[in-house]
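A.B. asks: This is the structure I want to talk about, given as structure tokens.
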Amino acid sequence: MEDLRNSIAGIHEGKDEGMKGRAGSTKIDFMELLQRLIDAKLIIQEARAMGLDELPEFQNSLDVFRQVTLRGMVREDIVKDVTVTDAESISCIGRW
């Protein structure tokens with residue numbers, strides 16, 4: 001249910017344009033959404049059953065993803081309260 005709620009919330013926020021109805025309407029096809037979630041869960045279960053999550057290639061990719069995500073989160077936290085005045089913005093442009 002949590003996954004379904006998050007998917008629906010993503011649609012309402014415009015993150016999942018592929019799930020909107022025809023001609024860009026905001027009508028949600030819940031059956032298609034539910035089928036996509038079921039398919040994703042089944043694929044993940046099968047990959048784990050095959051041991052794909054234990055392969056070095058997967059672990060390396062996962063480590064890179066973790067590092068990139070963590071860096072992004074730290075960067076967002078550091079700059080969240082930073083404001084730039086027009087004068088500072090213009091002076092920075094002149095240096096480039």
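A.B. asks: Tell me which of these Ala87 doesn't satisfy, since it passes every other one: (1) modelled with pLDDT under 90; (2) surrounded by 10 or more Cβ atoms within 10 Å (Cβ to Cβ); (3) not β-branched (Val, Ile, Thr).
C.D. replies: (2)
A.B. asks: Taking the condition at positive phi and either at pLDDT below 90 or in a strand (DSSP E or B) (or both), does Ala23 pass?
C.D. replies: yes
A.B. asks: Could you check how many residues of segment 53-95 are over 17 Å from the mean Cα position of the chain (by Cα) and closer than 24 Å to Ser7 by Cβ?
C.D. replies: Total satisfying the criteria: 1.
The values are calculated or read from the model by the stated rules, or taken from the named source; none is laboratory data. Bear in mind the structure is a predicted one, so any value in this text is a computation, not a measurement. Every residue, glycine among them, receives a Cβ derived from its backbone with ideal geometry; neighbour counts consider all protein chains shown.
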